[in-house]
Each structure stands twice: as structure tokens, then as C-alpha cells.
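Visitor: If you scroll down you'll find the structure; I have some questions about it.
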Ligand SMILES: *Cc1c(COP(=O)(O)O)cnc(C)c1O
């Protein structure tokens, strides 16, 4: 029996449980001190989960603010009908700053260039632009350095910029044993004191990502900028703070083939059957974000059991050994990532096997994989880059 959402699509899809996202949000809020709340980070299309859909959950749950990396990501969420304030964390162009005016966007100021740019646009347009000012407390990447603080004091003096918050970002909060986070906290405090003495302060501060939030490093009244934990993945290098996985990536067997012992499978003939084998083909490959490093290493779930990937992962296909599951045939549901009963293949497991982090595992699930949304008080919805063809089917 098919579990695929719509027969026009290949039966490979990522199912997003919006109610699980809402439950994770509630669980993270429980960890926060008084006066604090979550700023939901939805960059890179909500780490591949779908920024607009997650933003709608945030709006319903009265999250006060969203954050994205790119200005166009903020526009996309706005086009999706979400009215919440959206902070942009990345670098900005002149046209983006102009386009941001009056649409409840908040511009993250990531360096002296963007500070000058935003101040210049505000002056030219006769507008007050809301900003959050980023300080570089040790990441060495974005944010004002100590030497830039004079410039900040000068440009913030004339009221053209509405400084709503000051923030920083931790480099290694995922490792609780690394004292660098404490060092960054101290440096952030010192830099804010320098600004304060120059007459610059903000009503709000934020520094914690998911890792710092689950470590309860959020100061009372600060916001917590949380992305990964809301998706139910593990933000700590070696932790068990994982909440409920929101995404389940699934497919179906499209054929089962009987092979004799000592037959080769796939490109490079990297696998040979050691016994008479039943090999199932799955309609998913590295073009979908199923990492080629899972060749001969990955596992999938069928009927609640782990089944090994055999041979190379190719662009569109994966082969798995179902010899020990004699009853399975074409049409059998397969879980690539997520839970099947009490068994789970986690994003951390894929990350470990492919030398990366769960963030990248999610981001790499490509646009070729339709996203199916369940929950959120709405009927099932599908988002696919092939959606343009659906209406052409009678
Ligand atoms: C991505 C990002 C976050 C969220 O990080 P998570 O680990 O996913 O919670 C927070 N702050 C900034 C500046 C980011 O770029």
C-alpha cells in the first residue's frame, strides 16, 4: 500500500510535522529564564524544512520575532503572509536596505560597511530604520570589532537608526567543556560597556543559539536565537538534549531483484553479494541529498528494521539488501531519515557517517524532494518544485 501523498509524484518525500515543531517550541520556552522568549531562526528555508510553513506556526504560537540569513528569505516569509518582525542576519545590499523600509524587517548590522550603508539610506529616505547591532565577541566573522565602536556611537547619535537590540554569536557553544563561550560572554559584556559609556544602549540583547539555549546560558530578558533545536536535532557535540524530530524522509521500494552469490551491485562494483540476495531499489539518490558517502554505509528502515545500503548511492537510486525481509516487495514503505515505530535513523547518524553536522544533512535534502506538511491545524499540503505540473493532470 502506498503512503506517498500524491500519485503524480515519485513516492519520495519529506514529511514535516508542524505540531512537533510547535511542541519543540513549547519545550524550548520552558528552558528560558523570566522575560526571555525565542527568536525562531528560519534561514536556508528553515534548514530545508520550509521557512514559510514554520513561520506560520511561529506566528500562531506568538513567537515575537523570526531571523533569516538572506534578505530574500525574509521577503519570502512575508510573501507567505506572515506579519512577524524578521531580523536579517547576513550582509545587505543598498537595494535590499531600501526595499526593507516599512515592512517590519529589522536589519542586522554586521559590520562598519552595513552600518554606514543603512545609516546613509535612512538619511536619504528620511526614515528611521530598525536595527540590531552585532558585535564580534570572538567568532571573527561578522559583527563590529572593538575598533568599530566609535563609528557606531557616531552614527547612532542622530536618531536615524532605531537600535532595538545588541547581539553576538558563539563559536563553540556546542562543546560545554570549551571555556571560549565564557570568554565570548565576557567580551560581549565589555563591548556593550564601551558602547554604554559612549551613550549607546539597547533595550534587548541576544547571544544564545540552540546549543547555548539548551545549556541555559540565556540571561533573563534576553532572546534565544534558536534554529536546530526546534527541528528536534541535537545541538551539542555529544549531547542528549534532542527534542522531537520534525522531519521524516521516506520513500518506497520500486523493485526487488533476486541476485545470485558473488554478483556486483552499482557503479564501481564496490559491493558483491556474499550469498543469494534480494536487492531492493529505492527511487532516491545524491541528487536528492542522500549523501554518496552513505554508499555501503547507510541504513534505512523497513518494517521497523534496519536494512543496509549496498553498493554506491547513485544520482537517482539507492540499493538496499532485503534478503532478511523475504516478505517485502515493490511498494513497501521505507524510512530514510526519521522514525519508524520505535526505531530511528537520525540526522546525527547520517552526519556522523558522512563527516558533517545535522544542519547540513537537513539543508542538503534538495528541492527535488517534495515537502509534505502535516498538522498545524490545516489539511495536508504538499510543496514541490514540480507543483506546476499537478494542475495539468485531469
Ligand atoms: C544559524 C544561526 C543561529 C541558530 O543556530 P542554531 O544552532 O540552529 O540554533 C543563531 N544565530 C545566528 C547568528 C545564526 O547564524
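Visitor: Taking a temperature of 4 °C and a viscosity of 1.567 mPa s, what whole-number D in µm²/s does Stokes-Einstein yield for the chain with Rh from Kirkwood over alpha carbon pairs?
Guide: On the way: Rh = 22.9 Å.
Once the numbers are plugged in, D ends up at 57 µm²/s.
Visitor: Separate question: Once the Cα atoms of helix 18-31 and of the chain are each reduced to a long axis, what angle between those two axes, in degrees from 0 to 90 to the nearest 10, is obtained?
Guide: So the helix axis and the longest Cα principal axis differ by about 50 degrees.
Visitor: Ignoring solvent entirely, what values of log10 I(q)/I(0) come out of the Debye formula for the range 1-145 at 0.11, 0.16, 0.18, 0.20 Å⁻¹ when each Cα is a single scatterer?
Guide: Values returned for q = 0.11, 0.16, 0.18, 0.20 Å⁻¹ are -0.51, -0.92, -1.08, -1.22.
Visitor: Order by neighbour count: 139, 315, 191, 223, fewest other Cβ atoms within 10 Å first, most last.
Guide: Ordered by Cβ neighbours within 10 Å, fewest first: 315, 139, 191, 223.
Visitor: Between residue 99 and residue 380, what is 0.36 nm times their sequence separation minus the Cα-Cα distance? Round to one decimal in nm.
Guide: Additional length available on full extension: 97.8 nm.
Visitor: Got the relative contact order for the chain handy, in percent, Cα pairs under 8 Å and 6 or more residues apart?
Guide: Answer for the chain is 18 percent.
Visitor: Once the piece of chain linking residue 72 and residue 154 is laid out straight, how much longer is it, given 0.36 nm per residue of separation minus the C-alpha distance between them?
Guide: Numbers: separation 82, 0.36 × 82 = 29.52 nm, distance 2.96 nm.
Working it through step by step, the gained length comes to 26.6 nm.
Visitor: Hey, what did the range 14-82 get for relative contact order, percent, Cα under 8 Å, at least 6 apart?
Guide: Reported as a whole number, the value is 34 percent.
Visitor: Also: Under a no-solvent Debye model with one identical scatterer per Cα of the range 228-330, what's log10 I(q)/I(0) at q = 0.10, 0.20 Å⁻¹?
Guide: Log10 of I(q)/I(0), two decimals: -0.33, -1.00.
Visitor: Moving on. Can I get the semi-axes of the range 102-253's equivalent ellipsoid? Compute them from the C-alpha gyration tensor as square roots of 5 times the eigenvalues, in angstrom, largest first.
Guide: Working: eigenvalues 210, 81, 30 Å².
In descending order, the three semi-axes are 32, 20, 12 Å.
Visitor: While we're on this one: Let me see the P(r) profile for the range 263-394: every Cα-Cα distance counted, bins of 10 Å, each bin given as a percent of all pairs.
Guide: Taking all Cα pairs of the range 263-394, the binned fractions are 11, 37, 35, 14, 2, 0 percent.
Visitor: Oh, and also: For the chain, what is the mean residue ellipticity at 222 nm derived from helices alone (per DSSP H run of n ≥ 4: -39500 (n - 2.57); sum divided by total residues; nearest 500 deg cm²/dmol)? Each step should come with its number before you reach the end.
Guide: Numbers: 12 runs with 106 residues, N = 394.
One gets -7500 deg cm²/dmol as the mean residue ellipticity at 222 nm.
Visitor: When the expected Rg is taken as 2.2 N^0.38 Å, what fraction or multiple of it is the alpha-carbon Rg of the range 121-191?
Guide: For the range 121-191, the normalised Cα radius of gyration is 1.31.
Visitor: Estimate the FRET efficiency between residue 264 and residue 183 by the formula 1/(1 + (r/R0)^6), using the beta-carbon distance for r and 45 Å for R0, to the nearest 0.05.
Guide: Numbers: r = 54 Å, r/R0 = 1.20.
That gives a FRET efficiency of 0.25.
Visitor: Right, another one. So what is the diffusion coefficient of the range 182-288 in µm² per second by Stokes-Einstein at 4 °C and 1.567 mPa s, using a Kirkwood Rh over Cα pairs?
Guide: Rounded, D is 68 µm²/s.
Visitor: Once the convex hull of the C-alpha atoms of the range 172-237 is built, how many Å³ does it hold per residue, rounded to a whole number?
Guide: 79 Å³
Visitor: Using the count of nearby Cβ atoms within 10 Å as a rough guide to exposure, how do 134, 43, 257, 353 rank from fewest to most?
Guide: Values: 134 24, 43 19, 257 13, 353 16.
Result, fewest neighbours first: 257, 353, 43, 134.
Visitor: While we're on this one: Under the 0.36 nm per residue contour assumption, what length would be gained going from the current alpha-carbon distance of residue 204 and residue 329 to full extension?
Guide: That works out to 39.3 nm of additional length.
Visitor: Hey, another quick one. Treat the count of other C-beta atoms within 10 Å as a stand-in for reagent exposure and order 180, 362 from fewest to most.
Guide: Arranged by neighbour count, lowest to highest, 180, 362 become 180, 362.
Visitor: What FRET efficiency would be calculated for the residue pair residue 339, residue 296, taking the C-beta separation as r and a Förster radius of 35 Å, to the nearest 0.05? Walk me through the numbers on the way to the answer.
Guide: Working: r = 24 Å, r/R0 = 0.68.
After rounding, the FRET efficiency stands at 0.90.
Values in this text are rule-based calculations from the coordinates and carry no lab data. This is a predicted model, so every value here is computed, not measured. Backbone-built Cβ (ideal geometry, glycine too); neighbour counts: all protein chains shown.
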